[in-house]
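The values are calculated or read from the model by the stated rules, or taken from the named source; none is laboratory data. Remember, predicted model here, so these are calculated numbers, not experimental data. Using ideal geometry, Cβ is built from the backbone for each residue, glycine included, and neighbour counts are taken over all protein chains shown. Protein only, heavy atoms only, side chains kept; ligands, DNA and RNA dropped before computing areas. Shrake-Rupley method; radii C 1.70, N 1.55, O 1.52, S 1.80 Å.
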Amino acid sequence: MRHASIQVRGLMTREEMERYNGLMDVGSFLEEQGRHDLAHHIQREVDILILPAIDRLKEKGRERDRENLRYMIDNGLLDEDDD
């Protein structure tokens, strides 16, 4: 089973994290039993589950970029017309 990154897991809600941990436990058990065919389905569910947290991480990055740009403009390091 592939784990989500620490950054993504850090942005998951409590409910998402509880479901994630449960799915990872089931997936790990299935892999130990050699049932990779079934573990694959669990991994797909994990991949779907983490999508909202990935979106939150992307939005944090965009917000940081906007703040950096605003800082640079406010401190004369960049003109508003510059790209």
Scope region 38-50; condition part of a helix (DSSP H, G or I) and open to solvent by less than 90 Å² (accessible area, probe 1.4 Å); matching residues | 38, 39, 42, 43, 45, 46, 47, 49
Extreme residue, modelled with the highest pLDDT, among residues of region 51-78 that are open to solvent by less than 100 Å² (accessible area, probe 1.4 Å) and not in a helix (DSSP H, G or I) = 75
Residue that is farthest from residue 52 (Cα to Cα) [pool: residues in region 18-37 that are open to solvent by 50 Å² or more (accessible area, probe 1.4 Å) and of a type in the set (A, V, I, L, M, F, W, C)] = 29
Test each condition in (1) free of Cβ contacts under 8 Å to residues at least 24 places away in the same chain; (2) within 13 Å of residue 9 (Cα to Cα) for residue 35 and report the one that comes out false.
-> (2)
Could you please let me know if residue 73 is closer than 20 Å to residue 13 by Cβ and of a type outside the set (Ser, Thr, Tyr)?
-> no
